[in-house]
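J.: Okay, here's the structure, questions in a sec.
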Amino acid sequence: MYTQIRDLNIDTVLAKKQFQSIIQNLKSESSHIQVQKAKEWIFPIQGYTPKYIGGKNGEGYIPQGYDFFTGNNHKAHPAHDIFIYDFNQDCIDDKTKKYVNVLSVTEGIVVACTKTWDTTSTLRGGIYVWVYCPSEEALFYYAHLNSVFVDIGGIVQAGESLGTVGRTGLNAYKKRSPTHLHFSMFSVKNNLPVPQNPYQKLCSAKCIP
């Protein structure tokens, strides 16, 4: 469903109806799944803190003009980019000499992901993971990953590693782009995704060394 919307291969009205149906079913099914509600958010990059969020006071979050159902055809940025130390752009932390884990900020269910990306692709997100959190009634999007450790349908807890920070995606792959995680939150309202600015929650999240 996500790839159909992203690639503009489905009518917008139909996409919204199908999305609402999927979310309604997901809510119903998730009520039967034992997912422990997190006491607090976990910062999404292990070994890093909110000071690595791009833009002064989170000004990198630009939702104006964004519509989930316009797919890859938009210029908005309803997300925060969180940067890592990777001067030579090999996706390995310059200080620890290790790949950097991307952590789930909440508990949830993996509802979409991709584990491969072609450098000739024009898709922006590259390798990504979508997690639905029943307690937040929200979808979380983690993009530009280097690798993914989870599978669709998997249950994750807050702080669990989803994959590692990478440089996949049309613009993230370019040399001008510092290595970073693209992180978005979408509240589910009327069973449709509405972008939310998670900056304050990120700033108060627990950081994992």
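No lab work stands behind these numbers, since they all come straight from the coordinates. Nothing here was measured: the structure is a model prediction, and the numbers come from that model. Backbone-built Cβ (ideal geometry, glycine too); neighbour counts: all protein chains shown.
J.: With a cut-off of at most 16 other beta carbons within 10 Å, and DSSP calling the residue loop, which GluC sites (Glu not before Pro) in the stretch 110-160 qualify? Please list them.
T.: Hits after loop and neighbour filter: Glu137.
J.: Okay, next question. State the extension gain, in nm to one decimal, for the chain segment bounded by Cys207 and Lys39, taking 0.36 nm per residue of separation less the distance between their alpha-carbons.
T.: 59.1 nm
J.: Shifting gears a bit: Over 30 Å between Cα atoms: which of Lys51/Lys75; Lys16/Lys51; Lys51/Lys97; Lys17/Lys115; Lys37/Lys175; Lys16/Lys201 fall into that group?
T.: Working: Lys51/Lys75 25 Å; Lys16/Lys51 36 Å; Lys51/Lys97 21 Å; Lys17/Lys115 28 Å; Lys37/Lys175 39 Å; Lys16/Lys201 28 Å.
Correct reply: Lys16/Lys51; Lys37/Lys175.
J.: Distance between Cα centroids, the stretch 77-126 to the stretch 135-209: provide it in whole Å.
T.: If you average the Cα positions of each part, the centres end up 8 Å apart.
J.: Could I ask something else about it? Show me the chymotrypsin sites (Phe, Trp or Tyr not before Pro) within the stretch 143-209 that DSSP assigns to loop and that have at most 15 other Cβ atoms within 10 Å of their Cβ. Each step should come with its number before you reach the end.
T.: Details: sites: Phe149, Tyr173, Phe183, Phe186, Tyr199; in loops: Phe149, Tyr173.
Loop-located and lightly packed - none at all.
J.: Before rounding to the nearest 500, sum -39500 (n - 2.57) across all DSSP H runs of length at least 4 in the chain and divide by the residue total; then give [θ] at 222 nm in deg cm²/dmol.
T.: About -4000 deg cm²/dmol.
J.: Relative to a virtual label point 7 Å from the Cα of Asn9 in the Cα→beta-carbon direction, which members of the stretch 120-160 show backbone nitrogen distances below 13 Å?
T.: No residue passes the distance filter.
J.: Right, another one. Using a simple spin-label model with points 7 Å from Cα along the Cα→Cβ vector, what separation in nm is obtained for Gln18 and Asp151?
T.: Taking the simple label geometry, Gln18 and Asp151 are separated by 2.4 nm.
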